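Working notes, structure below.
The values are calculated or read from the model by the stated rules, or taken from the named source; none is laboratory data. In this text, all values refer to a predicted model and were calculated from it rather than measured experimentally. Note that each Cβ is placed from the backbone with ideal geometry, even for glycine, and that neighbours are counted across all protein chains shown. Each accessible area value is taken on the protein alone, full model and side chains, heavy atoms only, with ligands, DNA and RNA left out. Shrake-Rupley method; radii C 1.70, N 1.55, O 1.52, S 1.80 Å.
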Amino acid sequence: MYDNYVFLGLFLIAAISFPVLPLIVARLIRPKRPTPIKQSTYECGLEVIGDFHVQFKIQYYLYALAFVIFDIEVVFLYPWAVAYPELGMPALFAMLIFLAILAFSLVYDWRKGALEWI
Amino acid sequence: MDLVVQIMFGVTGLLILGAAFMVVSVRNIIHAALWLITCFFGIAMLYLLLQAEFLAIVQILLYIGAVAVLVLFAVMLTRQIDDPDEPVLFQRWRSTLLITAILFAAVLVPTIYNHNWLIFADPQPAFAGPRELGFAFMNAYLLPFQIAAVLLLAALVGAIIIAMEDQEQRRVRVLTLAEEVALRGEREPSPPTRPANPQPASSSSNPTPPPAPEQAGEGA
């Protein structure tokens, strides 16, 4: 019953080793001669100004929140899509109402200017 | 095969516990958020071990995908709070640990004794996959399903109202509908002129018809 997960585990191992293995190999074979100028923070070739802790604008948080809302919508769509072939037309209308309510939130976002990147 | 499952369960449990410990003990708050994502991932693996594939997908999609983004954004919204002189453990952590351990044990110990643990030895086929959930959403739970959409709508609208309040001037009190309309009519020709505090007495009592710009603008 867990046979399908063998492939998943193999994929997981491959996915982890893909970035980790080159890092380990690079650590083993690279020459290590650090200087202060090499160790300094690289920021587009400019001198680093100020602290890296900059307070975000709250508008950016709205993007994240909108993403969460529509991510939840996907979670609702998934079981509906699986059951849809046996449910037929009424399910389509029910889901259209659901989507219309959520589309209204997107329209509200847009009209309020919450989607403008400041 | 059963041994493999048991080993996987042990590894997953250690991953969850270790990640959860790192969340509360690591100094850098962004690292704590990343450890929290690791903890979520471990819980998704736990769901897979319980053959709840849909829950595992939801866990990865919502918790690792969305909630993690939300947590990271919330961390970036805060000011600098990781003072290097501030200890990670606060002063009375021993007594706090004792109280929480007792409370946790008070719930967990009776559960461990009363629960029928042998149920996992004879695994049943999953009875609630996405197909059954889809049927339930479209038949018995159609109304809660639509209310969930309204709830999500309310969450987003509320967040926008709270966030956009900073852009406009903060209002002293909630305006009546007539005042709101009057204010909007006044703002259309010249947007920046706006009274610092809207007058409470003069304009709230009269039911102003919509085109009455001079009623609400007197405060300036």
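When B:S203 is tested against the conditions (1) at pLDDT 85 or above; (2) away from chain A (no Cβ under 14 Å), the lone failure is (1). Just one residue in the set B:L89, B:L70 is outside any helix (DSSP H, G or I), more than 22 Å from A:L12 (Cβ to Cβ), among the aliphatic types (A, V, I, L, M) and modelled with pLDDT under 90; that residue is B:L89.
Matching residues to (1) modelled with pLDDT under 85; (2) farther than 22 Å from A:F76 by Cα; (3) under 24 Å from the mean Cα position of the chain (by Cα):
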residue	(1), (2), (3)
B:L3	yes, yes, no
B:I7	no, yes, no
B:G18	no, yes, yes
B:A32	no, yes, yes
B:L36	no, yes, yes
B:M45	no, no, yes
B:Q59	no, no, yes
B:L62	no, no, yes
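The one condition from (1) closer than 26 Å to A:A64 by Cα; (2) within 11 Å of another protein chain (Cβ to nearest Cβ); (3) modelled with pLDDT under 90 that B:R27 does not meet is (2). Tell me whether the range B:123-130 contains one or more residues that are among the aliphatic types (A, V, I, L, M) and either modelled with pLDDT of 75 or more or out of contact with any helix residue (DSSP H, G or I) (no Cβ under 7 Å at 6 or more places or on another chain) (or both). Checked against the condition, which is being among the aliphatic types (A, V, I, L, M) and either modelled with pLDDT of 75 or more or out of contact with any helix residue (DSSP H, G or I) (no Cβ under 7 Å at 6 or more places or on another chain) (or both), the range B:123-130 yields at least one hit.
Listed by first and then second residue, the pairs with beta-carbon distance under 9 Å, at least 6 apart or on different chains, first residue in the range B:1-21 and within 14 Å of chain A (Cβ to nearest Cβ), second open to solvent by 80 Å² or more (accessible area, probe 1.4 Å), are B:M1/A:M1; B:M1/A:D3; B:D2/B:A121.
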